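These notes concern the structure reproduced below.
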Amino acid sequence: MSLNWTCPYCNRAQSVTHDKISTDRFPFKVKETADGVIGLEARVICCANSECLKYQLDITVITAHYSEMNYDFHLHKPTAIKSFRILPESMAKPQPDCIPAPLKQDYFEACKIRDLSPKASATLARRCLQGMIRDFAKVKEASLYKEIEKLNELAKTGNAPKGVSEDSIDSLHHVRSLGNIGAHMEKDINVIIPVDPHEAQILIDLIEILFEEWYVAREKRWSKFAALKATAEEKQALKELPKPAPKKSHTEH
């Protein structure tokens, strides 16, 4: 059976065949742990894109069955205790060059430390969101809360940048209502507060959506407009070329 998978490096969606995926299990000789007999399950998936060929590696601590010096992972279905993503270091999606480097840096770091330190991840994500509002919408106020309010005013009066929809502004407002994030959203953007991984991931998801709806959509519009302009100028240049002189007939000689 094939597995539907999107490469975290090149973002190419693909159907993973048996020769591109491998799962192996390894027991530990220590039998008396708090979780009983344990082992490791390692799974590697290789990208089929010839221009990428990078791989995703996941490790899971699992329970095992031990009987008469034999470790059995197959007759007794193992229970997953804890999983780790080894490679890549996070599930951050590749981002195009049209997104400013400082924003991508905050995004990648927020993804990388989401599970290790959710509150630090959320702080970086909020800073990234604030940077997006300041860069894309050219809105700069004393706090992120006031910047969201200003962006909302611009949208209502039809003065917000193209691509800033009511949905995106609503999403920013909803983020403010998420537990501790909402309680402190209007304060200093660098204040670190308690946040769980789920809340941090919601902020990361919002960043990815706004990257696509704001920067990527704008870049696509600009590219299409530039191609249209180049085609029009090329056609106009052809019209302005001097016409060749008519050939003289034999009767004129």
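The values are calculated or read from the model by the stated rules, or taken from the named source; none is laboratory data. Nothing here was measured: the structure is a model prediction, and the numbers come from that model. Accessible surface is based on the protein model in full, side chains and every heavy atom, while ligands, DNA and RNA are left aside. Shrake-Rupley method; radii C 1.70, N 1.55, O 1.52, S 1.80 Å.
Expressed in whole Å with the largest first, what are the equivalent ellipsoid semi-axes of the stretch 98-173 derived from the C-alpha gyration tensor as the square root of 5 times each eigenvalue?
24, 13, 11
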Next item on the list: Identify which of E149, E32, E219 has the largest mean-square fluctuation in a Gaussian network model of the chain, with springs joining Cα atoms closer than 10 Å.
Entry: E32
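Just the accessible area per residue of the chain, please: how many Å² with a 1.4 Å probe? Can you show the working numbers first?
Details: 16450 Å² over 253 residues.
So the chain comes to 65 Å² accessible per residue, rounded to a whole number.
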Notebook entry, point to check: How far is helix 197-210 tilted off the main Cα axis of the chain, in degrees rounded to 10, range 0 to 90?
Noted result: 10
Check: Can you list, largest first and rounded to whole Å, the semi-axes you get for the stretch 34-164 by taking the square root of 5 times each eigenvalue of its Cα gyration tensor?
Finding: 46, 18, 11
Next item on the list: Please give the solvent-accessible surface of V44 in Å², to the nearest 10, using a probe radius of 1.4 Å with every protein chain present.
Entry: 50
Check: Where is the GNM fluctuation largest for the chain (alpha-carbon springs, 10 angstrom cutoff): K54, K146, K156?
Finding: K156
Margin query: Take the residue pairs K140/K220; K162/K224; K162/K220; K93/K150; K138/K162 and return only those whose Cα atoms are more than 18 Å apart.
Written below: K140/K220; K93/K150
Notebook entry, point to check: How do I204, I209 rank by accessible surface area computed with a 1.4 Å probe, from largest to smallest?
Noted result: I209, I204
Next item on the list: Using just the helices of the chain, give the 222 nm mean residue ellipticity in deg cm²/dmol: DSSP H runs with n ≥ 4 each add -39,500 (n - 2.57), and the total is spread over all residues, rounded to 500.
Entry: -12500 deg cm²/dmol
Notebook entry, point to check: If ligands, DNA and RNA are left out, what is the accessible area of R25 with a 1.4 Å probe, given in Å² to the nearest 10?
Noted result: 90
Next item on the list: For semi-axes √(5λ) of the Cα gyration tensor in Å, several values are listed as [x] 51, 33, 12; [y] 35, 20, 17; [z] 29, 23, 18; flag the one computed from this structure.
Entry: [x]
Next item on the list: Identify which of P96, P242, P197 has the largest mean-square fluctuation in a Gaussian network model of the chain, with springs joining Cα atoms closer than 10 Å.
Entry: P242
